[in-house]
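Quick notes on the structure that follows.
The values are calculated or read from the model by the stated rules, or taken from the named source; none is laboratory data. Keep in mind the model is a prediction, meaning the values are calculated, not measured. Cβ placement follows ideal geometry from the backbone for every residue including glycine, while neighbour counts extend to all protein chains displayed.
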């Protein structure tokens, strides 16, 4: 008997020209149904798989690690699913908060007594959404803990919610208002400034003026000890803060073509430390002939000493919600400026027979006009070479530097020149303190931690002081620690102690790159030299890390007398929050 074929049973299959699969069409809709196109990376491992539903885990996730699913991929995984239901906007912001109280005790298992850890924000079971912070099983014989790549932090944010979200948005005011007739020429962000670099020499001294008293070494004994505390006194002395263009010595040096650029250490330090600044400031730059004069305005905030400018939680103004007016940034600046005016005067021994006279007399003090004696101060005019190899002519800068005192070296007996500054503590528990330690209880035992915190909270201020010390070629920079006698009273202060530092060593501790500062100066000078003669204003944006250079009319600030002239500072001025 002949074998029966399948054709004899079911009959011959009709021939058709239709191909298997979706029809070839460029239409996006087929019979009113959206068409999902093929993807080149799709793989078809099996035509049908009836075991898919059985092998899902309890959490509803397929386990693709086994051999049964080696080649299994979802068809159309690389294309957007046109059938997916888009969640409403109201549902996108909806979340369920689990208030179930969990036990503080951990659950052990196995020999090692391991623990089950959950990442932050992961309170539910394994099937709940919790980012990378799902269950972390720890234990076994090794007993080692395991963390994911984010340290075990789970949840949708993986961090502390509200830590920075609830901080008020700072909106500081500019140091000077930009007028409509000012022309914006350049805009430089701090990222570009940080990349600049210029190696220069240590400078040469051209001339010196004034005199210096010797430092009282008694203030160095046991800093932070209760027995070493001294009241900060107010002594009436005549001190001066003269801008570049009003300095007769600088004008004489400019007439002799001793340099191309002229500035003071207070002004130059701000420019060199610009990337560390937070508050707004401004400089007036005059291009006259082939000379550049860098000045400050009358009443410029360059003369003010900031407090916790770089702190993560900086002091707030009253307009920003600060109800404590004595700890607002403006009030703290007045207090710190007053302290730095009177502190260097108190820590020297005033003796006409024991003092160091410079080569020339005081350049600003006039005994026929002043009623107060001059403060201990020496002015050294020093020249630095900012030239590059490609320059056809040398580019020199002359800066007027200041020294506050002198002392004998304990070993060699040589004279050492000092720059004296003061850090001030207002209230370690008040908002805006920047996590500062209490100086009275920590200065003697944790001196390094106290100084490190000040380096963090006052990075710009300390960097400027260090630059001024290096510019003056000072041997030692002495930092005084002055605190309020009562945290609620900003008028009475006590000196807790004084610590000495070598300027260049201190700069290394602060990661202060002096070559970067010189690169910034050279860049700004080159910009102004390439422009026509006139007056320019360089402004630091109050809310952004940006410097802007404006060309302004030649009579700008002159109607207000705003280019600072010979300015006498009365150290006992009670309006500055005197002690």
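A few remarks follow.
- Hits in region 313-356 (condition: over 23 Å from residue 301 (Cα atoms) and not in a loop (DSSP other than H, G, I, E, B)): 346, 348, 349, 355, 356
- Residue 470 vs. criteria closer than 30 Å to residue 519 by Cβ and out of contact with any strand residue (DSSP E or B) (no Cβ under 7 Å at 6 or more places or on another chain): yes
- Scanning region 281-308 for residues that are surrounded by fewer than 19 Cβ atoms within 10 Å (Cβ to Cβ) and either at pLDDT 95 or above or in a strand (DSSP E or B) (or both) yields 288, 291.
- Residue satisfying condition, being buried (at least 20 other Cβ atoms within 10 Å of the Cβ) and over 17 Å from residue 539 (Cβ atoms), within set 344, 275: 344
- Residue match in region 324-340 (condition: over 22 Å from residue 430 (Cα atoms) and within 22 Å of the chain's Cα centre (by Cα)): no
Yes or no, residue by residue, for (1) touching a helix residue (DSSP H, G or I) at 6+ places or on another chain (Cβ under 6 Å); (2) within 30 Å of residue 206 (Cα to Cα); (3) surrounded by fewer than 20 Cβ atoms within 10 Å (Cβ to Cβ):
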| position | (1), (2), (3) |
| --- | --- |
| 450 | yes, no, no |
| 461 | no, yes, no |
| 468 | yes, yes, no |
| 482 | yes, no, no |
| 491 | no, no, yes |
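- Counted residues, region 370-381 - those being closer than 16 Å to residue 359 by Cβ and in contact with a helix residue (DSSP H, G or I) (Cβ under 7 Å, 6 or more places away or on another chain): 1
- All strands (runs of 3 or more DSSP E) inside region 163-274 with 2 or more residues being farther than 21 Å from residue 551 by Cα: 204-215, 238-240
- Taking the criterion of being surrounded by fewer than 20 Cβ atoms within 10 Å (Cβ to Cβ) and either in a strand (DSSP E or B) or touching a strand residue (DSSP E or B) at 6+ places or on another chain (Cβ under 8 Å) (or both), the residues of region 493-508 that qualify are 494, 499, 500, 501, 502.
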